[in-house]
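This report refers to the structure that appears directly beneath it.
The values are calculated or read from the model by the stated rules, or taken from the named source; none is laboratory data. A quick note: this is a predicted structure, and the numbers were derived from the prediction, not measured. Neighbour counts are summed over all protein chains in view; Cβ atoms, including those assigned to glycine, are modelled from backbone coordinates with ideal geometry. Quick note on the areas: whole protein, heavy atoms, side chains included, nothing else; ligands and nucleic acids left out. Shrake-Rupley method; radii C 1.70, N 1.55, O 1.52, S 1.80 Å.
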Amino acid sequence: MSVMVFGDKSLDLSHPRVMGILNVTPDSFSDGGRHNTLDQALRQAERMLEEGADFIDIGGESTRPGAAVVGEQEELDRVLLAVEAIKARFDTIISVDTSTPSVMTESYKLGAGLINDVRALERDGALQAAAATGLPVCLMHMRGTPQDMQNAPSYTDLVEDVERYLAERIEASVAAGIKADNIILDPGIGFGKTLVHNTTLLNYTERLLAMGHEVLIGVSRKTMIGDILNVPVAERLYGTMGANASTYMKGARIFRVHDVKPHVDMLKVMHQIEESRNA
Ligand code: 9MG
């Protein structure tokens, strides 16, 4: 059994877990900022929790390709309001999607249980801020920045490059005082990758798992799904589920999604079938 402690809550990660996405940005990736008022954010969080989400991932800075950079105070204002309100109302694990040290520190003080950093704690002070919280961290691979990452990304050896980068970030995290058992890895689908890079990395999920950490996958409604199916954002649910089902079978256990209920049901059935193998 692989139990991870997220602040005041623990989760057995031998079961698949669903992380509901809550963007509190005016320009978020696929909901166009519809949840950018507190009331809307709370309604969305409530719905995702009723549908069975294990985490609510709150982000105040859009990381979609070409997104504008957000100032520190603006990010603090957006994220802390939502963290505080959700913690007061719901019994769940709050994940903060941030690369900003002060947002990590202040969210932790308000009860957040996980730091989800698409920049793998590379910003100045992020390693120290995350380590001081004692919380688990998700280290994601990104090539470039959200502003330039999709400008003809290329790799010498994709899987090795991603593994090497994550190994370096694990080493830096552990050196800063983060427990190795508290590190989750993420290949960073769509972050400086072509369609072939994305499908290859998903296919090699076992290689990330072999590094000895749980793996989180974020493909929900992304361009990768649109490119394969040639459908707009609003029609990417089935494709997203296909990608997530494929990585569940390869050992990924945390799925960052917009559409919680379909994933909770899908993963419950898949897990029960897998469990019967050991019965
Ligand atoms: C914030 N965010 C957007 N996409 C993501 C992904 O694929 N993984 C993680 N960990 N965070 C993401």
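Results for (1) free of Cβ contacts under 8 Å to residues at least 60 places away in the same chain; (2) more than 24 Å from Asn116 (Cα to Cα); (3) in contact with a Pro (Cβ under 6 Å, 6 or more places away or on another chain), shown as yes or no for each residue.
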| site | (1), (2), (3) |
| --- | --- |
| Glu235 | yes, yes, no |
| Ala243 | yes, no, no |
| Thr247 | yes, no, no |
| Met270 | no, yes, no |
| Glu274 | yes, yes, no |
If a residue must be over 23 Å from Arg17 (Cβ atoms) and open to solvent by 30 Å² or more (accessible area, probe 1.4 Å), how many such residues does region 128-145 contain?
5
Checking the structure you have, find out if any residue of region 190-204 is among the β-branched types (Val, Ile, Thr) and open to solvent by less than 10 Å² (accessible area, probe 1.4 Å).
no
Only one of Ile86, Ile58 is crowded, with 19+ Cβ neighbours inside 10 Å, more than 16 Å from the ligand (Cβ to nearest atom) and at pLDDT 95 or above. Can you tell me which?
Ile86
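Mind listing whichever residues of region 49-70 are more than 22 Å from Met140 (Cβ to Cβ) and either touching a Lys or Arg at 6+ places or on another chain (Cβ under 9 Å) or part of a loop (DSSP other than H, G, I, E, B) (or both)?
Correct list: Glu50, Glu51, Gly52.
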Need the failing condition index for Val219 against (1) within 10 Å of the ligand (Cβ to nearest atom); (2) touching a strand residue (DSSP E or B) at 6+ places or on another chain (Cβ under 6 Å); (3) without any contact (Cβ under 8 Å) to a residue 40 or more places away in the chain, just the number.
(2)
Quick one: how many residues across region 205-241 are over 16 Å from the mean Cα position of the chain (by Cα), over 19 Å from Val162 (Cβ atoms) and open to solvent by 40 Å² or more (accessible area, probe 1.4 Å)?
10
Which condition breaks for Ala180 when tested against (1) touching a Ser or Thr at 6+ places or on another chain (Cβ under 9 Å); (2) aliphatic (A, V, I, L, M); (3) open to solvent by less than 20 Å² (accessible area, probe 1.4 Å)?
(3)
Restricting to region 204-216, count the residues that are hydrophobic (A, V, I, L, M, F, W, C) and without any contact (Cβ under 8 Å) to a residue 40 or more places away in the chain.
2
Please tell me if Glu46 is modelled with pLDDT of 95 or more, part of a helix (DSSP H, G or I) and surrounded by fewer than 19 Cβ atoms within 10 Å (Cβ to Cβ).
yes
The helices (runs of 4 or more DSSP H) lying entirely within region 93-207 that contain at least 1 residues which are within 25 Å of Ala245 (Cβ to Cβ) and touching an Asp or Glu at 6+ places or on another chain (Cβ under 7 Å) are 195-203
